[in-house]
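A.B. asks: Following this message is one structure expressed as structure tokens.
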Amino acid sequence: PHDALLFGGHAEQHCSQDLFMLSLATASWSRPVVGGTPPAPTSGHVAVGVGESLVVFGGYCHTRAGTQFWNTLHILSVDCWVWTRPQMTGPNPQGCS
């Protein structure tokens, strides 16, 4: 309840898959050590906290080669700091930002 997570982003021609944690109690930043496979470097994604998880969907990345849109879903379990990509059923939403 006293921390905020920030994932990804875009600066110049570079998309990020960095994860930062902000302690709201101390106003200090840290970078958690995380296992598993994170989402691709992305910007414009949707990220929402659900219980002890951070759910990240979609996004895009502009590069010199063009724009790549994602329609993947990744979940970060913050109790053990591990990324997973669950097997989904049904049609995925289109890649979006």
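A.B. asks: Please list the non-local residues whose amide H lies under 5 Å from the amide H of S53, H modeled 1.01 Å from N, same-chain partners needing a gap of 5 or more.
C.D. replies: Under 5 Å from the amide H of S53 lie the amide H atoms of V78, each far enough along the sequence or on another chain.
A.B. asks: Further, regarding this structure: Under the classification rounded if a/c is under 1.5, otherwise prolate if a/b is larger than b/c and oblate if not, where does segment 51-97 fall, given a ≥ b ≥ c as square roots of the Cα gyration tensor eigenvalues?
C.D. replies: oblate
A.B. asks: If you don't mind, there's one more thing I want to ask. So how far apart, in nm, are the two label points at C80 and W29 if each is 7 Å from Cα heading toward Cβ?
C.D. replies: Spacing of the two 7 Å Cα→Cβ label points: 3.0 nm.
A.B. asks: Per 10 Å bin, what is the whole-percent P(r) computed from every C-alpha pair distance within the chain?
C.D. replies: 15, 46, 31, 7, 0
A.B. asks: Solvent-accessible area per residue for the chain at a 1.4 Å probe radius, Å²?
C.D. replies: 65
A.B. asks: Still on this structure, please answer the following. With an 8 Å cut-off on Cα pairs and a minimum separation of 6 or more residues, tell me the relative contact order of the chain in percent.
C.D. replies: Over the chain, the number comes to 23 percent.
A.B. asks: On the protein heavy atoms, probe 1.4 angstrom, tell me the percent of accessible surface of the chain carried by carbon and sulfur.
C.D. replies: So the carbon and sulfur contribution to the accessible surface is 56 percent.
A.B. asks: Per residue of segment 77-85, what does 6.51 cos²θ - 1.76 cosθ + 1.60 with θ = phi - 60° give for ³J(HN,Hα)? Whole Hz please, x for Gly and Pro, Karplus curve as stated.
C.D. replies: 7, 7, 6, 10, 6, 10, 7, 9, 10
The values are calculated or read from the model by the stated rules, or taken from the named source; none is laboratory data. Computed from a predicted model, the values in this text were never measured in an experiment. Cβ atoms come from the backbone with ideal geometry, glycine included; neighbour counts cover every protein chain shown. What goes into the accessible areas is simple: the full protein's heavy atoms, side chains included, and nothing from ligands, DNA or RNA. Shrake-Rupley method; radii C 1.70, N 1.55, O 1.52, S 1.80 Å.
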